[in-house]
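> Have a look at this one before I ask anything.
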Amino acid sequence: MALTGVKVIELAGLAPAPFCGMILADFGAKVIRVDRTKAPTSLDTQARGKRSVAINLKSPEGVTLLRRLCVCSDVVLEPYRKGVMEKLGLGPDELLAENPRLIYARLTGYGQSGSYSSAAGHDINYTAMSGLLSRLGRSGEKPHAPLNLLADFAGGGLTCALGIVLALLERTKSGRGQIIDASMVEGAAYTGSFVWKSQSIGLWNRGRGESLLDGGAPFYDTYETLDGKYMAVGAIEPQFYEQLLKGLELDAGELPPQLSFSDWPELRRIFTERFASKTQADWSETFDGTDACVTPVLSFDQVSSHPHNRERCSFMKNSSGEEFPRPAPVLSRTPAEPCLTSDPVVGEHTIEVLREYGFTSAEIDKMLSTGVVERNAAKAKL
Ligand SMILES: CCCCCCCCCCCC[C@H](C)C(=O)SCCNC(=O)CCNC(=O)[C@H](O)C(C)(C)COP(=O)(O)OP(=O)(O)OC[C@H]1O[C@@H](n2cnc3c(N)ncnc32)[C@H](O)[C@@H]1OP(=O)(O)O
């Protein structure tokens, strides 16, 4: 796999950093998640392929231990509020002095500087601060965040993973590590570069929910079908729009022009009525194999059995039978090989990892007995 041989220490966080760590693990990195002691359950749902070590970082011995792990690692990924790592004596100054090749990735909401940098926050706040949230939502309604996808995952975990891979690449030339300041506000805004830059070509000069791609245009929207499901319509270009009308059995000559904004409510009414007359399966049959850009809105229950997704094996199952999206993108020679066994229990690999990093049995026993580290047994496989 592309990241085979890369050693990552991930300090346990909420959602974005765990996703970043999971991407690295899927593509072959050895990721060790550092959990707290006395917290036997983890909320990390993005733990695939990781091992867990439980360390009490509030003890000087725990801090020394983490420093030793970082000396022999390529990447440390930390998800805390600004200053937390420095307070622990684990800031970049200390860790990079001990391992100049270390890539020190800091994934936060507001970044390492600026007046908000120490404030608590979540995806919705970061998306709001990026400017993007103001553009999301239906006309006449308040802004609406698309789950926590934009800041936490696209602008956060994924962007941070890109930063880590870039720094690893650069290190092959310079031999040196560096600090990555991954702000979810900036990552989300950067993800939204198209929205920013396409203002100049008039795509967004109407209000929220009244433009081309934000639910304003009737030919770029979802429609309910007879069986209470939905179809997604993305027929922007005239030649594809023509195919849409053909599938809906509508005569272009009897309709207002596609780009007549004032007629969009009327066009939407007509499309709504049409789509409500047949089931999702019927419409899929009508539009499959055409260039109308019309697809079913698949539920999580439907995705893996859809012929296209099935043919590409786009969804996989782990050993417990849970379905998940295959890591993307697909690399031809060195594709990701996601781990199919169950996620680690907090502290499941404490002893195994410490041995691997050169700690003696006596050192490990001492840390266990003094509560510096903790180990927990893996869940019994039923
Ligand atoms: C109804 C409630 C149910 C709850 C269920 C939760 C379900 C979760 C669902 C996922 C939701 C995802 C949501 C939508 C998100 O947006 S997640 C993104 C959140 N934001 C970030 O990650 C940005 C960066 N991080 C932060 O800003 C902050 O960490 C935070 C998220 C606001 C949380 O703040 P807070 O809890 O005060 O923690 P921090 O200031 O970071 O300090 C962490 C403290 O923990 C300590 N710590 C860490 N590791 C260890 C360890 N191994 N052993 C001992 N201690 C440890 C640190 O030293 C630090 O301690 P201290 O400095 O506070 O004394």
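Taken together, the values in this text are just the output of simple stated rules run on the coordinates, not laboratory data. Keep in mind that what you see is a predicted model, and the values were worked out from it rather than measured. All Cβ positions, even for glycine, are placed from backbone atoms using ideal geometry, and neighbour counts span all protein chains on display.
> Using Cα pairs closer than 8 Å and at least 6 residues apart in sequence, work out the relative contact order for the range 1-149, in percent. The partial results should precede the final answer.
On the way: 231 pairs, mean separation 28.2, N = 149.
It comes to 19 percent, rounded to a whole number.
> Using modelled amide H (1.01 Å from N, peptide plane; none on Pro or chain starts), what sits under 5 Å from the amide H of I179, excluding residues fewer than 5 places away?
Residues meeting the amide H criterion: Y104.
> With just the Cα atoms of the chain, tell me how far they stretch along each of the three principal axes, in Å, largest first.
Largest first, the chain extends 84, 51, 39 Å along its Cα principal axes.
> Let me ask something else. What does the charge count near E356 come to, summing +1 for each Lys or Arg and -1 for each Asp or Glu among other residues with Cβ under 11 Å from its Cβ? Each step should come with its number before you reach the end.
Numbers: positive: K7, K30, R51, R355; negative: E352.
Charge balance near E356 sits at +3.
> With a sphere of radius 12 Å drawn around the Cβ of R208, what net charge do the other residues whose Cβ falls strictly inside it have (Lys, Arg +1; Asp, Glu -1)?
Working: positive: R135, R138, K142, R206; negative: E141, E210, D214.
Net local charge, R208 excluded: +1.
> What whole number of Å gives the distance from the Cα centroid of the range 96-161 to the Cα centroid of the range 64-89?
Each part reduced to its Cα centre gives a spacing of 21 Å.
> Would the range 235-382 count as rounded, prolate or oblate if I go by the C-alpha gyration tensor, calling it rounded below 1.5 in a/c and otherwise prolate when a/b exceeds b/c, oblate otherwise? Let's see the in-between values first.
Details: a/c = 3.68, a/b = 3.44, b/c = 1.07.
Prolate is the answer for the range 235-382, as a/c is 1.5 or above and a/b outweighs b/c.
> Going by average Cβ neighbours within 10 Å, how do the peptides 329-335, 281-287, 146-152 rank, with the highest at the top?
On the way: 329-335: 9.7, 281-287: 17.1, 146-152: 20.0.
So the peptides 329-335, 281-287, 146-152, ranked by packing, come out 146-152, 281-287, 329-335.
> Right, something else. If one computes the Cα centroid of the range 324-378 and of the range 184-229, what distance in Å separates the two points?
Result: 42 Å between the Cα centres.
> Relative contact order for the range 220-297: what percent, with Cα pairs under 8 Å and sequence separation of 6 or more? Numbers along the way, then the final one.
Details: 106 pairs, mean separation 36.4, N = 78.
After rounding, I find 47 percent.
> Take the alpha carbon atoms of the range 24-64, find their radius of gyration, then divide it by 2.2 N^0.38 Å using N residues; give the quotient. It would help to have the intermediate numbers written out before the result.
Details: Rg = 11.8 Å, N = 41, 2.2 N^0.38 = 9.0 Å.
Against the empirical 2.2 N^0.38 Å value, I get 1.31 for the range 24-64.
> Can you tell which of Y223, I23, V346 lies farthest toward the positive end of the dipole of the chain, using +1 and -1 charges on the Cβ of basic and acidic side chains (Lys, Arg; Asp, Glu)?
Value computed over the given set: V346.
> Within the set of other residues whose C-beta is less than 14 Å from the C-beta of F240, count the net charge using Lys and Arg as +1 and Asp and Glu as -1.
Here the charged neighbours net out to -2.
> What does the charge dipole of the range 220-297 about its Cα centre add up to, to the nearest 20 debye, if the Cβ of each Lys and Arg holds +1 and the Cβ of each Asp and Glu holds -1?
Working: 6 positive and 15 negative charges, 36 e Å.
Value, rounded to 20: 180 debye.
> Right, something else. Within the chain, what percent of beta bridges assigned by DSSP are antiparallel, to the nearest 5?
On the way: 13 of 34 bridges.
Once the DSSP bridges in the chain are tallied, antiparallel ones form about 40 percent.
> Next up: Rank T286, V303, F275 by how far each Cα sits towards the positive end of the charge dipole of the range 240-382 (+1 on Lys, Arg Cβ; -1 on Asp, Glu Cβ) and give me just the farthest.
Going by the Cα projections, it comes out as V303.
> Okay, next question. Please tell me the relative contact order of the chain in percent, rounded to the nearest whole number, where contacts are Cα pairs under 8 Å and at least six residues apart.
Working: 687 pairs, mean separation 74.8, N = 382.
RCO, the chain: 20 percent.
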